[in-house]
Each structure stands twice: as C-alpha cells, then as structure tokens.
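One structure below.
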Amino acid sequence: DQDEVDITLPILFKPVGTPLPESNYIASDADFVDYLTELMGGFAIPGFIKRMRQGRRYLVMGMRFTRDTERMLLSEISFGADTPAGWALIAKPTDKERRYLERLNFEIIEADVADFLAAAGVPAAEAA
C-alpha cells in the first residue's frame, strides 16, 4: 500500500533494473511491456513519487539516452523538476543525448561514474 511508504527514508526507484555488477531485473519481458504501456499513459510512477518529484533535482549516473525507453523514463520521472532539472554524467554524449537533455534542462557533465568516485575521494579498490 503506497500510504504505508516512509518517504523520510531514501527511495531507490529502478524501473529498468541493472546489468552490473550482475544482471538483476525484477520483471519479465511481458511485465516490462505492460510497464511501458502504463508509462505512456502516465500511470507507471507511484503516486507518492509523483508528489515527491516536484521541484527536485536529479543526478543521473551510468545511464545513456540513446534509446526511447530510457528517454521516456527520465522524462516521466523528472516531470515537474526544478531548474536546472539536474545533471547527467556521460563521458562522451552523442548529439542526440545533448539535445534531449538540454530540452529537459539537465546539465551534462562529461565524466563517468569512475571519474565521479575519484573526485569524491573513493579509492578505485573500494569502488570495484
């Protein structure tokens, strides 16, 4: 029940799962197609996240925006974001990524996650 979510705690919302460090997805292909259909209809984001996302800024790391799916997700998640909407770490962004992120008011930082961790002082051995 969404009313029972403690929004004072950090919330990790990962609708596309993660391929690293090991492949970990929480939905079947059919479930993911259903999710995308709901996303296009505006129903895929839980209500408490829709309320929390207003006026927020986002840091996007390790995600490219060369495919429609990822662009649709970021557009929906960042709807109502502050200005700037946030930052995207992309070491070598394509022209398409630049145009898309500029339209959403995201600033591109031409670096990758390893660069971010190094700047934060995290030794490479700990980051692995």
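Brief remarks follow.
- Contacts under 6 angstrom Cβ, first residue in segment 68-80 being closer than 17 Å to F32 by Cβ, partner aromatic (F, W, Y) and part of a loop (DSSP other than H, G, I, E, B), 6 or more apart: R71/F65
- Qualifying residue in segment 29-41 (condition: open to solvent by 40 Å² or more (accessible area, probe 1.4 Å), over 24 Å from A118 (Cβ atoms) and in contact with a Pro (Cβ under 7 Å, 6 or more places away or on another chain)): yes
- Hits in segment 80-100 (condition: touching a Gly at 6+ places or on another chain (Cβ under 9 Å) and hydrophobic (A, V, I, L, M, F, W, C)): A81, L89
- Residue check, F116 in contact (Cβ under 8 Å) with a residue 12 or more places away in the chain, under 26 Å from V33 (Cα atoms) and open to solvent by 60 Å² or more (accessible area, probe 1.4 Å): no
- Count - residues of segment 45-84 that are of a type outside the set (K, R), more than 26 Å from V5 (Cα to Cα) and open to solvent by less than 60 Å² (accessible area, probe 1.4 Å): 4
- Meets criteria (among the small types (G, A, S), within 27 Å of T8 (Cα to Cα) and at pLDDT below 90) for A125: no
The values are calculated or read from the model by the stated rules, or taken from the named source; none is laboratory data. Since we're looking at a predicted model, the values are computed, not measured. Here the Cβ is made from the backbone with ideal geometry for all residues, glycine too, and neighbour counts use every protein chain on show. What goes into the accessible areas is simple: the full protein's heavy atoms, side chains included, and nothing from ligands, DNA or RNA. Shrake-Rupley method; radii C 1.70, N 1.55, O 1.52, S 1.80 Å.
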